[in-house]
Every structure is written in structure tokens, then in C-alpha cells.
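J.: Here it is, the structure, as C-alpha cells.
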Amino acid sequence: MYLKTLTLRGFKSFASATTMRLEPGITCVVGPNGSGKSNVVDALAWVMGEQGAKSLRGGKMEDVIFAGTAGRPPLGRAEVSLTIDNADGALPIDYTEVTITRTMFRGGGSEYAINGTACRLLDVQELLSDSGLGREMHVIVGQGQLDTVLRATPEERRGFIEEAAGVLKHRRRKERTLRKLEQMEGNLTRVQDLTGEIR
Ligand code: ATP
């Protein structure tokens, strides 16, 4: 499995559609300060479901949409597509190539698609969760983040390891199931009350 192409449209400083073709192995992005190198990394995190505006170096989520320049008006939407080569079947999906797309409209939420079919954020997270490209994005190490790891408490460090080992996915499934169970118990109590009243 490797990242094959990344396409940005209206994402941060990338107003026009821009596609980067990546090869297996190491890819370096070079350029002057402020030319958009970190924006490429932000796009990677964003398309994989990043939910924190701060992690994307913005104040609010909409800040990822091209805000305009002196010569170009702002855009109404941002879109990023990431194509992953899955010839080795590392991702649990029956395709040799998987394209994840995330779109955001000004004033609206995000839309996700896997190979062109609309899906939920949860589907993207589940697809990637065993690949090491997990929800907590420990595969993306931003400037100054090493410091955070070094200064983390033992509990936080355990979280990093659990994410890398794929344990967190099961912990979250368990949390979702427990929430549903709680809801069901509430419904059951309500039904019991109603049947009591009918008798
Ligand atoms: P450095 O080497 O200094 O870290 P860099 O190449 O990583 O720089 P980035 O931080 O990726 O640069 O890009 C910063 C540029 O992106 C700034 O010029 C900023 O104005 C622009 N930018 C960020 N968000 C938007 C947006 N929503 N719309 C338009 N431009 C944006």
C-alpha cells in the first residue's frame, strides 16, 4: 500500500486543481517559506478525516477553503482526493486502488466518498484504521509535535501506542455499542411504563 496521488481543489492556497503524483518510497516537497508545503500535509490529514481546526493550523474548519488573494476571489468549496494503491490488499476493501474524497462547502459540513460513492466519516475511519493511517494521525508528525510526544503523560503515551496497535478502534466500537445499549435500556423502561399504564 502506498499513497499514489493527492489532488487539491480550493484547499488553502491551492485554488486551482493541483495533482501530486507520489511514487513508492520517499517523497520530498521543497519550496520557499509560505509556498504551501505544510498545506499539502494538512490536505492529507484533512482528507483522512481530521476534525480539529487547530491540527490543520486554522481557527475554524472553514479556514481550509481558499480565502482569496489580491488577484483571485475566495472559493465556496474545498475538495481533496487521495488515491491509495491497494494492490497488496492492505486496506479491507475489494479494490486495487482506493480514492477517498472529502468536500466542504462554506457554511456546510463535510461530505466524504470512497471510490466515488458517498459515505460517512466513520466509513473512512474504519477503512483506514488497520492501515496505520488511524484517526489520531500519528503517522503525520507536524512541526513541534515531537515535543508533545516527549512531554506526554504515561496515559497519553499509552493512547499513542493503542492507536498504532489498532486497539483504539475496538475501544471506540465498544463505546458506541455501550451508548446504544444505554439508549435501548431507556426505551425499554419507557415501554415498561406504558404497558404498566395500559394494564
Ligand atoms: P514554511 O516553510 O514557512 O513552513 P510552507 O511552505 O509550509 O511554509 P504553508 O504554511 O503550507 O507554507 O502555506 C502558507 C500559505 O498558505 C500562506 O501564504 C497562507 O496565506 C496560505 N493559506 C493558508 N490558508 C489559506 C486559505 N484558506 N486561502 C488562501 N491561502 C491560504
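The values are calculated or read from the model by the stated rules, or taken from the named source; none is laboratory data. Being a predicted model, the structure only gives us computed values, none of them experimental. Because the Cβ atoms are built from the backbone with ideal geometry, glycine has one as well, and the counts that use them run over all protein chains shown.
J.: Go through (1) more than 19 Å from Glu97 (Cβ to Cβ); (2) outside any loop (DSSP other than H, G, I, E, B); (3) modelled with pLDDT of 95 or more; (4) not polar (S, T, N, Q) for Pro32 and report which single condition fails.
T.: Here Pro32 clears every test but (2).
J.: Another question, if that's okay. Go through the range 69-97 and give me each residue that's within 29 Å of Ala15 (Cα to Cα), among the small types (Gly, Ala, Ser) and without any contact (Cβ under 8 Å) to a residue 24 or more places away in the chain.
T.: Ala70, Gly71
J.: Pairs under 6 Å by beta carbon, first residue closer than 14 Å to Ile65 by Cα in the range 1-20, partner in a strand (DSSP E or B) and of a type in the set (Asp, Glu), six or more apart or different chains?
T.: These pairs meet every condition: Arg9/Glu79.
J.: Sticking with this one: Taking the residues in the range 32-52 that are away from the ligand (no atom under 11 Å from the Cβ) and not charged (D, E, K, R) as candidates, determine which candidate is farthest from the chain's Cα centre (by Cα).
T.: Out of the qualifying residues, it is Gly52.
J.: Does Glu62 fit the bill of being over 22 Å from Asp130 (Cβ atoms), away from the ligand (no atom under 12 Å from the Cβ) and either touching a residue at least 60 places away in the same chain (Cβ under 8 Å) or in contact with a Lys or Arg (Cβ under 8 Å, 6 or more places away or on another chain) (or both)?
T.: Values: over 22 Å from Asp130 (Cβ atoms): yes; away from the ligand (no atom under 12 Å from the Cβ): no; either touching a residue at least 60 places away in the same chain (Cβ under 8 Å) or in contact with a Lys or Arg (Cβ under 8 Å, 6 or more places away or on another chain) (or both): yes.
Against the criterion (over 22 Å from Asp130 (Cβ atoms), away from the ligand (no atom under 12 Å from the Cβ) and either touching a residue at least 60 places away in the same chain (Cβ under 8 Å) or in contact with a Lys or Arg (Cβ under 8 Å, 6 or more places away or on another chain) (or both)), Glu62 does not qualify.
J.: Which residues, counting only those in the range 128-161, are over 20 Å from Gly52 (Cα atoms) and modelled with pLDDT of 80 or more? So that I can check it myself, show each step before the final result.
T.: If we filter the range 128-161 for residues that are over 20 Å from Gly52 (Cα atoms), which is where we start, we get 130-131, 150-151, 153-155, 158, 161.
Of everything in the range 128-161, those that are over 20 Å from Gly52 (Cα atoms) and modelled with pLDDT of 80 or more turn out to be Leu150, Arg151, Thr153, Pro154, Glu155, Arg158, Ile161.
J.: So, in the range 1-17, of the ones that are away from the ligand (no atom under 16 Å from the Cβ) and part of a strand (DSSP E or B), which residue ends up nearest to Gly36 (Cα to Cα)? Outline the logic, then answer.
T.: The initial filter retains those residues of the range 1-17 that are away from the ligand (no atom under 16 Å from the Cβ), namely 1-5, 7.
From what's left, part of a strand (DSSP E or B): 2-5, 7.
On the way: Tyr2: 22, Leu3: 19, Lys4: 20, Thr5: 17, Thr7: 14 Å.
Per the stated criteria, the residue is Thr7.
J.: Additional query: Can we say Val98 is more than 16 Å from the ligand (Cβ to nearest atom), more than 14 Å from the chain's Cα centre (by Cα), modelled with pLDDT of 90 or more and not in a loop (DSSP other than H, G, I, E, B)?
T.: Working: more than 16 Å from the ligand (Cβ to nearest atom): yes; more than 14 Å from the chain's Cα centre (by Cα): yes; modelled with pLDDT of 90 or more: yes; not in a loop (DSSP other than H, G, I, E, B): yes.
Spelling it out, Val98 is indeed more than 16 Å from the ligand (Cβ to nearest atom), more than 14 Å from the chain's Cα centre (by Cα), modelled with pLDDT of 90 or more and not in a loop (DSSP other than H, G, I, E, B).
J.: Given the options Ser55, Ser81, name the one that is under 19 Å from Met104 (Cα atoms), hydroxyl-bearing (Ser, Thr, Tyr), away from the ligand (no atom under 12 Å from the Cβ) and at pLDDT below 90.
T.: On the way: Ser81 fails: at pLDDT below 90.
The conditions single out Ser55.
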